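Here the structure comes first, spelled out in structure tokens, and everything after it is commentary.
The values are calculated or read from the model by the stated rules, or taken from the named source; none is laboratory data. From a predicted model like this one, the values you see are computed outputs, not experimental measurements. We place every Cβ from the backbone using ideal geometry, glycine too, and count neighbours over all the protein chains shown.
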Amino acid sequence: MDLVLLAIVVGIGVGIVVGALGAGGGILAVPVLVFLLGMPVHSATASSLVIVLITALASLPHHARRKNVDWRNGLVFAGVSVVGAVVGSRLSALVPSQLLLTLFGVMLVAVAVAMLRRALRTRAEERAEAEQALAEDSAAHDPAAHDPAGQEDAEPVATHDDPVLDQPGPDMVDGADGIRHHHGEPEVPLSPAAPAAPRLPLVIGAATLTGFLTGFFGVGGGFIVVPMLVIALGLAMRRASGTSLLVMVVATAASLLARVGTEVQVDWVTTLIFAAGSAVGGMLGGPLSAKARPSTLTLAFSALLGGVAAVTLVQTLLG
């Protein structure tokens, strides 16, 4: 009974992270299944795929209702990831358990550091934007600012719904006022130098790597998908988070199918109980993403990953 309650509580916590960030479910689920629920490493990676799949399916409708899912680009990215997912799943079953968990811990450290750097950079951009807004507000109350002669050459001021979104992308539309709009709001002025198409090699490479990590470690890959959707496709941070859930669904399903015929066994009772809690947490976490700043979400995710990485490596190497 205690194990069931633990699986439910921890599952809800993992689901909240996935729902809020569109990432992190498998990365958190694998260590929890191994160290708290006593599951063998290979079984934990397979169970994690089931958990991530169910949680992503539960979290996706919220983001879809808020128009935060780019279905076309998400399906293309997910389709490319299938190849890597199949290769990773087959290779994972051949790697010894301790080595697999050690590599998992190393990956956690790398992702935590990358997320920390990204959070600090985003926080600096948010502060710069706030200072600019304050300066513009002060100028608006300056009588000299209302001088028509001084406004003849003024250019439209870009506004951003997220400091990461300095890049135009397929989720933006061109308005009749000459301003590129993001979901109906002014984003950045149109520019001939703006990229007209996604960076295809980067998208293919990122999608393939995402699929491989999903199959090999049993993770959803959202920690790679989200930044790649922002960088390569120019999606908004929250739109990228929603789209990453779509990618997770396809990549995890392909990884599970690729494990059919291997010796890896899934503890379905524990897995489904954990997944049920995670699904509930996913529905609770979705609304949180609309209330917190992107830098705060990323910083919290980085700290969480750092702690999980430390526990994983200490338990694996010294246990």
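Quick notes
- Scanning the stretch 100-137 for residues that are hydroxyl-bearing (Ser, Thr, Tyr) and within 16 Å of VAL226 (Cα to Cα) gives a single hit, THR122.
- When we screen THR270, THR243 for residues that are over 30 Å from LEU94 (Cβ atoms) and polar (S, T, N, Q), the only hit is THR243.
- Whichever residue in the stretch 96-109 is surrounded by 17 or more Cβ atoms within 10 Å (Cβ to Cβ) and over 17 Å from the mean Cα position of the chain (by Cα) and, among such residues, is nearest to VAL260 (Cα to Cα): LEU100
- THR271 falls short on exactly one of the conditions (1) over 19 Å from VAL87 (Cα atoms); (2) buried (at least 24 other Cβ atoms within 10 Å of the Cβ); (3) touching a Gly at 6+ places or on another chain (Cβ under 8 Å), and that condition is (3).
- Residue in the stretch 280-290 that is modelled with pLDDT of 85 or more and within 18 Å of the chain's Cα centre (by Cα) present: no
- When restricted to residues that are in a helix (DSSP H, G or I), over 9 Å from the mean Cα position of the chain (by Cα) and within 25 Å of HIS42 (Cα to Cα), the stretch 214-245 contains 4.
- Screening the stretch 116-130 for residues that are aliphatic (A, V, I, L, M) and buried (at least 17 other Cβ atoms within 10 Å of the Cβ) and picking the one that is nearest to ALA303 (Cα to Cα) gives LEU116.
- The residues of the stretch 70-91 that are surrounded by 23 or more Cβ atoms within 10 Å (Cβ to Cβ) and under 24 Å from GLY15 (Cβ atoms), listed by number, are GLY74, PHE77, ALA78, SER81, ALA85, GLY88, SER89.
- Top-ranked residue of the stretch 246-264 - restricted to ones that are in contact (Cβ under 8 Å) with a residue 40 or more places away in the chain and in a loop (DSSP other than H, G, I, E, B), ranked as surrounded by the fewest Cβ atoms within 10 Å (Cβ to Cβ): GLU263
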